[in-house]
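Enquirer: Dropping a structure here in structure tokens format, bear with me for questions.
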Amino acid sequence: MPDRPYHHGDLRSVLLANAERALAERGPASLSLRELAREAGVSHAAPSRHFRDKQALLDALALSGFERLTERLERAVEAEDDIRACLLGLTRTYVEFAVEHAALLDLMSTRKHDPDVSEQLQTAITRMLDTVVRPIREGQAAGELGGGDPYAVAMTVAATLHGFVSFTAGAALADVEAHLAEVVGVLYEGLAPR
């Protein structure tokens, strides 16, 4: 067996990219640091410099997912002034991410509910929630959305969207998009002040 080099230009990024691909293709149970090292062309010990074990790799994947999703959500919020358009932009962004990265989103959801979630991951989750709750608060303050706990409203919207994504699993993004505006319209009407 030929010796594999230990050093790599950006091994952490390569391992994460390969792990996300493997996660999507085979699921979390099949992830192996040794296999990822082989794919990256480095020694089997090299990944330990970045991830102490498989769980650390999964946590890093989840963290990367939350950061990427939050960045996309923030851009969606900044792109719209109207609350209804903002909510549609947020939901479209979430659904696109969910369709593109279904396995990663499942991992993110699993890790977010783990009692041993790291402080760094908890901070990323909080940042994402704050991004989603901000326009809900603004809509409530402007009288465009009904009152109530904005986090409960955000949870209701998120649960609806997560269910919507599950119902449309495997469908083309264009087909999902065709129904998304209707779903958001129903939510928006339900959230309107009475």
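Enquirer: Tell me which residues, restricted to region 57-97, are within 14 Å of THR126 (Cα to Cα) and aliphatic (A, V, I, L, M).
Expert: ALA62, LEU63, LEU69, LEU73
Enquirer: Take region 32-62 and flag every residue that is surrounded by fewer than 19 Cβ atoms within 10 Å (Cβ to Cβ) and either of a type in the set (Phe, Trp, Tyr) or not in a helix (DSSP H, G or I) (or both).
Expert: Within region 32-62, SER32, GLY41, SER43, HIS44, ALA45, HIS50, ARG52, ASP53 meet the criteria.
Enquirer: ALA169 - would you say it is in the same structural domain as ASP82 (by TED's automatic domain parsing), in contact (Cβ under 8 Å) with a residue 40 or more places away in the chain and exposed (fewer than 13 other Cβ atoms within 10 Å of the Cβ)?
Expert: Numbers: in the same structural domain as ASP82 (by TED's automatic domain parsing): yes; in contact (Cβ under 8 Å) with a residue 40 or more places away in the chain: yes; exposed (fewer than 13 other Cβ atoms within 10 Å of the Cβ): yes.
Yes; evaluated as a whole, the condition is true for this residue.
Yes/no per residue for (1) over 16 Å from the mean Cα position of the chain (by Cα); (2) in a helix (DSSP H, G or I):
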{"site": "THR110", "(1), (2)": "no, yes"}
{"site": "ASP114", "(1), (2)": "no, no"}
{"site": "VAL117", "(1), (2)": "no, no"}
{"site": "GLN122", "(1), (2)": "no, yes"}
{"site": "VAL132", "(1), (2)": "no, yes"}
{"site": "PRO135", "(1), (2)": "yes, yes"}
{"site": "GLY143", "(1), (2)": "yes, no"}
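Enquirer: If we keep just the residues of region 103-145 that are among the hydrophobic types (A, V, I, L, M, F, W, C) and exposed (fewer than 15 other Cβ atoms within 10 Å of the Cβ), which is farthest from LYS54 (Cα to Cα)?
Expert: ALA142
Enquirer: Something else now. Is it the case that GLY163 is assigned to a helix (DSSP H, G or I), surrounded by fewer than 20 Cβ atoms within 10 Å (Cβ to Cβ), of a type in the set (Gly, Ala, Ser) and on the phi < 0 side of the Ramachandran plot?
Expert: Working: assigned to a helix (DSSP H, G or I): yes; surrounded by fewer than 20 Cβ atoms within 10 Å (Cβ to Cβ): yes; of a type in the set (Gly, Ala, Ser): yes; on the phi < 0 side of the Ramachandran plot: yes.
Criteria met by GLY163.
The values are calculated or read from the model by the stated rules, or taken from the named source; none is laboratory data. Given the structure is predicted, the values throughout are model-derived calculations rather than measurements. Note: ideal-geometry Cβ built from the backbone for every residue, glycine included; neighbour counts use all protein chains shown.
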